[in-house]
1. With the crude spin-label approximation of a point 7 Å out along Cα→Cβ, what separation in nm comes out for N167 versus R69?
2. Have a look at P248, V205, G161 and report the one farthest towards the positive end of the charge dipole of the stretch 147-258, computed about the Cα centre with Cβ charges (Lys/Arg +1, Asp/Glu -1).
3. Dipole of the stretch 46-197, Cα-centred, from +1 at each Lys and Arg C-beta and -1 at each Asp and Glu C-beta, to the nearest 20 debye?
4. Across 10 Å bins from the origin, how do the percents of Cα pairs in the stretch 126-258 run, short distances first?
5. Report the extension gain between L52 and S214 in nm, rounded to one decimal, defined as 0.36 nm multiplied by the number of residues separating them, less their alpha carbon distance.
6. Report the Rg/Rh value for the stretch 28-117, based on alpha-carbon coordinates and the Kirkwood definition of Rh.
7. Stretched out fully, how many nm does the piece from R137 to E179 gain, at 0.36 nm a residue minus the Cα gap?
8. Can you give me the % of accessible surface on the stretch 120-213 that is carbon or sulfur? Probe 1.4 Å, all protein chains present, nothing else counted.
Amino acid sequence: MNRMRKATLLILVALAVAAALGVAGWRLYRAAQPVELALYFHPFVGPEPLVLNESRYPNPGGEGRFKVRDFQFFLSNIRLVSATGAYAESDSYHLVRFDDAEPAFGIVLHDVPRRNYQRIEFGIGVDAAANKSLAQRGDLDPNGRMAWTWEVGYKFVLFEGTLVRGNASVPLVYHVGFEENYRLIATELHRDPLDSRPARLDFRVDILRLFQGSTTVDMAALPSVKFDRADAALLARNFAAMVTPMWPDAAGQPDGAR
């Protein structure tokens, strides 16, 4: 059955239900149907929207300015929580990346039950069970760029760029993994995300939070993090605050988005 025939059948079923139930019943029927919820992640460096490949951002802990060539991270185990139940996305492993012309990275949650959700939860990184597995689930790829080549497991956050100090340029490479650095984030919702049309939630991803937080990082002193667990833990403590909600402004647009 092609898409047009499916769409026609759905319309006929909806009309039959409307005729059988009447206006009030139709409203109840519609309210009971699951919906799609879009999540949008907007990249920033501090107060500025991310611009790739420009040495425009001050070194948080010292001299010089840095540019971002590549930034991506795993976001996993998305869950919506209400007083009457929870929705958990299956195979919930997304590689959030900002390397094209799109101003935000989007994830669409399908078949979300209509409830009054008060909280959204997700992890930065990959949980221990999936991190030890070679199974491909969601965006997990044991042969992909975000997989380690020296052990089973994934890079949770990847940042690559350059620090410029005077006439000198220093490569910046931060690949943060290890199971102990998985971070579960819970955010209270100030409004029901299903009330908007279309249903959506927006988040700010502040790359600067990798280097400013419980510890401020001088990129010149620490230009690379890969295999050292102590250095990786330092950045992981910081990136726990990297993703925060953006609430709509008076015009209904996410505050600060491009």
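1. Placing both labels 7 Å beyond Cα along the Cβ direction yields 2.2 nm.
2. It is G161, whose Cα lies furthest towards the positive end.
3. In total the dipole reaches around 220 debye.
4. All Cα pairs considered, the percentages come to 11, 32, 31, 21, 5, 0.
5. Values: separation 162, 0.36 × 162 = 58.32 nm, distance 2.58 nm.
That pair, L52 and S214, stretches by 55.7 nm at full extension.
6. Working: Rg = 18.1 Å, Rh = 15.9 Å.
In the stretch 28-117, Rg relative to Rh is 1.14.
7. Details: separation 42, 0.36 × 42 = 15.12 nm, distance 1.74 nm.
13.4 nm is the gain from fully extending R137 to E179.
8. On the way: 2050 of 4230 Å².
Result for the stretch 120-213: 48 percent of the exposed heavy-atom area is carbon or sulfur.
The values are calculated or read from the model by the stated rules, or taken from the named source; none is laboratory data. Just so it is clear, the model here is predicted, and its values are computed rather than measured. Virtual Cβ from ideal backbone geometry, glycine too; neighbours counted across all protein chains shown. Heavy atoms of the whole protein, side chains included, go into the accessibility calculation; ligands, DNA and RNA do not. Shrake-Rupley method; radii C 1.70, N 1.55, O 1.52, S 1.80 Å.
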